[in-house]
Structure formats: C-alpha cells, structure tokens
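Below is one structure, written out as structure tokens; the observations come after it.
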Amino acid sequence: MTTRELDASPRILPLYARAAAATFVPGAGRLPFLPGGNGAAEVPTDLVLERSSVEIDAVHLAAYAKVCGFRLRDAIPPTYLHVVAFPLHLALMSDGRFPFGAVGLVHVANRIVQHRPVRLEEAVSMRVHATALAPHPRGRAFTIVSEARAGDEVVWSDESTILRREKPRDGDGDRAKRAADSESRPDPPPVRAQWRLPGDLGRRYASVSGDRNPIHMHAMAAKALGFPRTIAHGMWTKARCLAALESRLPEAFAVEARFRKPVLLPSTVTFGEASEEGGAIGFAVHAARDGAPHLDGRVEPAAAPPS
C-alpha cells in the first residue's frame, strides 16, 4: 500500500489540465507523468491519498448550500464532504499510474453513509482510494472510496462509482448485461415537486464543487464527448433531492443513488419521494416532459459506525 499525505487540497485546474491532455492531446497519453503514460491497464488500488485536519470554510459552505437548496445550520449537508473529498478524487485519477484520464468518465452511482452529523466547527481527516475495474454494460467501472474521521471516529463515508465508456471486452459484455438485466428498478414514487433547471446550472455547481468536467460547463466539449448539450452533475441532483428531504433525515443514515439518463441543461424535472418500511425513504428524479428516469435513490437509517 502506498499512502501519500497531502498538506493542502490539490489545485483542481492543473489536475483537469492534466486529465484533458491525457484525453485530447495526441501522444500526450504516452508521457509517464500523465494518466495512461506508463502503459497501465488497471486502476492502482494500492494508492491512498490522505489529508488531515481539514477545516470547513463557512463562506464556501453557504455558497454550496445555496446552489443545492440546503438550509444553513450548524450541521453540514451530507453531500458536502463529497466536495471536500473531490480534489483528492481528481488527484488520484490524475496520477501517472492511472490507466486513463478523468475527462470523459461518467459518475453513475454514489452511496454516502453519515454515521452522525458533522458540525461546521469540526476538523476532519480525509482518506481516499480506488477499487479495481469491473465490467459494466457500457464499458468498465471502478469506485472511489472516501472516508472522513473526526479524531479516531469514522463520521462519514462515500462510494462513487465511475464509468469509462468503451466497447466490452470478450466475455465482459455478457456478464455485465446479465447483471444489468437482473437489477430491479423501484417503481417511481409519487411526484412531490417540479424543478426548472437553468442552462448555467453546471457552471454554478462547478464553482462550488470544483468539479469542472467540461461535459457540465461547455456545450462543445459535451458534444465532443457524446452529449447533445451540457448535463447536470449527478451529485448536484442527489444533493438537491436530499435538500428536499432534509427535515426528514435521521442523524445517522445511508443514502444511495443511481444516475440513469443524463439531465440535459436547461430542462424541467420532477422529484418524487415515498416512505418505506423501517424508516426508509425512496426518491427519484424524472424528466417532466416524457418521464425518462434520471435518478433513483433510497435513504435508510444507518447501523453503528465502524471503530
């Protein structure tokens, strides 16, 4: 295991420049300091990045809450630590041992466990690593695992599943297709609200999250990567759903979401939610015009945190 302790949050724009060069500049992927440059075929699962004593910036938190619809209060939103961890995610994917650049990758699922509310005045340590590539119906996927601790206490964890779109390898396509076919999708819950999403939502969320993937910010870049126009960040959509459920969230819970069809910007979407057994809440986002699924998720009370 290789653990790297970072003194400060990595600078995102240079990391995106490295990622974009590895994706778009001919021959750049052969440079050893860029992703794919060492001829790696697998995600380096033994690489761990850490930051200690990460303090929450109250001004930044307020800006994030405004974009996502959260109320301002002492406990930070459950999705906010994903933003704190994101520069480490990008640094991990920009490492020369990584097999491909981050630009063009698609976030397809996310699971967060809040073991207890994290207060604004608390400092946390953050640790991230990646899992091995696995077959996916649209290519191969891996997961970035993040963990936040307050002292020795695990207070929050996050699993972000990332897709690299590609033609399936021999045998992988059949296995992935069987897995996709066997996956059950919940029935859509009753619609509770309709949201009109502006064309600049991707840029607004990028400004508070640091996720400046061009598919969210620039129409030409989105088209070059297979999208008709810019798309909303999956983590904005999840955060907006949790903001709508904020008053009903327990202090300790797990919330998972799968990002289905991209939310094109601008657009109008519906938000639905319904109570389930055991205190769980199912929720979903669909296109208002034709009902196309964008996100489905579930909140459930969490078990005791690991020691």
Residue count for region 68-81, restricted to those that are more than 17 Å from R204 (Cβ to Cβ) and surrounded by 23 or more Cβ atoms within 10 Å (Cβ to Cβ): 3
Residue that is of a type in the set (D, E, K, R), within 22 Å of R185 (Cβ to Cβ) and at pLDDT 95 or above, where the choices are E246, E273, E277: E273
Pick from region 250-298, criterion in a loop (DSSP other than H, G, I, E, B) and touching a Lys or Arg at 6+ places or on another chain (Cβ under 7 Å), ranking: surrounded by the fewest Cβ atoms within 10 Å (Cβ to Cβ): E251
Qualifying strands (runs of 3 or more DSSP E) (wholly inside region 97-150; at least 3 residues being open to solvent by less than 20 Å² (accessible area, probe 1.4 Å)): 106-114, 123-130, 139-150
Out of P214, P301, P228, sole residue that is of a type outside the set (D, E, K, R), open to solvent by 50 Å² or more (accessible area, probe 1.4 Å) and in contact with a Leu (Cβ under 9 Å, 6 or more places away or on another chain): P228
Any chance A91 is under 18 Å from the mean Cα position of the chain (by Cα) and at pLDDT 95 or above: no
Single residue of R71, R51 found to be touching a Ser or Thr at 6+ places or on another chain (Cβ under 7 Å), among the charged types (D, E, K, R) and touching a residue at least 12 places away in the same chain (Cβ under 8 Å): R51
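The values are calculated or read from the model by the stated rules, or taken from the named source; none is laboratory data. In this text the structure is predicted, and so the values were computed from the model without any measurement. Virtual Cβ from ideal backbone geometry, glycine too; neighbours counted across all protein chains shown. Just the protein is used for accessible areas: all its heavy atoms, side chains included, with ligands, DNA and RNA removed. Shrake-Rupley method; radii C 1.70, N 1.55, O 1.52, S 1.80 Å.
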